[in-house]
Amino acid sequence: MEPVFFYAMPHQNDLNTLQNAARLLVDRVFRYKQWTPASRVPLKVHFGEHGNHTFIPASYYDGIIDWLEAQHAETAFIESNVLYGGHRTTRKAHTELAHRHGFTRVPVWIADGEAGEDMADIDINGRYFKTCHVGRLIAEQEQIVVCSHFKGHLMAGFGGALKQLGMGCAARRGKLDQHMGVKPFINPLQCKQCGACLKKCAEDAIHIGRWSRIDRNKCVGCLGCMAVCPSNAVMINWLRSLDKGFSERIAEYALAAQQGKRNVYVTFAFNITRQCDCVGQRMKPIVPDLGILASADPVALDRASLDLLDKRAGRRVFGRGRHILAYAESLGVGEREYELEEIKIN
Ligand code: SF4
Ligand code: SF4
């Protein structure tokens, strides 16, 4: 059973304290594991979609970067391209967005090349995949500090360490694999024919008109259209997609992305919104901030985040997608049992 170290809100929450807390948490994980940092330890982050306001700001990572630099580890922000058209589809646009969002202190590395073509094939013996396609630069690292923002997610139910590891580290082809079979449809009665989805779709799969529809043969299931539709007219048959094991495919990719690494996982449970940071619009948090968590085990970390959320809200908040924990455990990604150790800052 791995410990999950936790800095709880509402203690002091000024920027300096949060940076310090993240630094201390990472230090605690390294010391518990008796690890010394590798010579290069990038931070896997999410730069936030253009127009999103609830992604974890670049300055929150300063404490972790300070700690790594003090240990003489070279560091960087590392991320992979997304499936859908927008500001994070190519290395050039993605890097520019990262810089605009303040990720300038250390270099930005886009792990899967200019448009997702640079990948490493990692063999696993999963139910869905025998080989997973992970961004090459991520696959090449011995150690990564995988930083995630804990929040809801349209498809996965919730997003935390496992989602950041599985989906977030996959190259474009790997992301496509995980979305396999998940295709949205448009409810023409709800569609206002605004055209926002049309602009977002890189596959030319959408037809707007009196009977707006999506061409299933062209659609790759990236869900970009769903993220931008202001009328909630783009829908998913959730039961069908859950049957297809979306979360389980993420867990198999998490196994591949973690293979052979000594990763540290840090989760920022702030600005907990219903949807994820790929949504380019302002969203309201659904519960007060919880704090920062860190562990060497992404399964334990996600379980602890969900437990803390439920406790804070007094109810079960993200009901869907929790079976990823059991499936990831069965694959050996981590364990659901954990011990929560709270840290305080004087
Ligand atoms: S129609 Fe399909 S490919 Fe186009 S944006 Fe929507 S999900 Fe992506
Ligand atoms: S974004 Fe939504 S409302 Fe606008 S055209 Fe597409 S489906 Fe219709």
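Listing for the model above:
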{"item": "Value of Rg/Rh across the range 91-162 [Cα atoms, Kirkwood radius]", "result": "1.01"}
{"item": "GNM result for the chain, Cα springs below 10 Å: residue of V287, V182, V333 fluctuating most strongly", "result": "V287"}
{"item": "Extension gain (nm, one decimal) between D215 and M9, 0.36 nm per residue minus Cα-Cα", "result": "69.5 nm"}
{"item": "Most mobile of H50, H72, H87 in a GNM of the chain (Cα contacts under 10 Å)", "result": "H72"}
{"item": "GNM top mover of C201, C225, C169 - the chain, alpha-carbon springs below 10 Å", "result": "C201"}
{"item": "For the range 183-235, the Rg and Dmax computed from alpha carbons only, in angstrom", "result": "9.4, 24"}
{"item": "All lysines inside 22 Å of K175 as judged from Cα atoms, apart from same-chain residues fewer than 8 positions distant", "result": "K44, K92, K130, K151, K163, K183, K199, K200, K218, K244, K261"}
{"item": "Exposure rule at most 15 other beta-carbon atoms within 10 Å, DSSP loop chymotrypsin sites (Phe, Trp or Tyr not before Pro): the chain longest free segment", "result": "36-210"}
{"item": "Positive-end residue, the range 137-226 charge dipole about Cα centroid, Cβ charges, pick of H149, N217, L176", "result": "N217"}
{"item": "Geometric extent, Cα atoms of the range 85-212 - Rg, Dmax (angstrom)", "result": "17.1, 53"}
{"item": "About the Cα centre, charge dipole magnitude for the range 181-221 (Lys/Arg +1, Asp/Glu -1 at Cβ), debye", "result": "120"}
{"item": "Computed over the chain, the ratio Rg/Rh where both radii use C-alpha atoms and Rh is Kirkwood", "result": "0.95"}
{"item": "Rounded, prolate or oblate (a/c below 1.5 giving rounded, otherwise prolate when a/b exceeds b/c) for the range 1-107 by Cα gyration tensor", "result": "prolate"}
{"item": "Calculated FRET value between Q34 and K311, using beta carbons and R₀ = 45 Å, to 0.05", "result": "0.90"}
{"item": "Residue exposure sequence - L293, L309 - by fewest surrounding Cβ within 10 Å", "result": "L309, L293"}
{"item": "Neighbour-count ranking [beta-carbon atoms within 10 angstrom, fewest first] of R315, R213", "result": "R315, R213"}
{"item": "Computed helical MRE - 222 nm, the chain, DSSP H runs ≥ 4 contributing -39500 (n - 2.57), nearest 500", "result": "-9000 deg cm²/dmol"}
{"item": "Distant-in-sequence amide H partners of I78 (H built 1.01 Å from N, under 5 Å)", "result": "L43, K44, V45, W109"}
{"item": "Proximal aspartates and glutamates to K284, defined as alpha-carbon separation beneath 19 angstrom and excluding residues fewer than eight positions away on the same chain", "result": "E49, D310"}
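Only the coordinates and a few stated rules stand behind these numbers; no lab work does. Note that the coordinates shown come from a computational prediction; the quantities given were computed from them, not determined experimentally. Glycine gets a Cβ as well: all are built from the backbone with ideal geometry, and neighbour counts include every protein chain shown.
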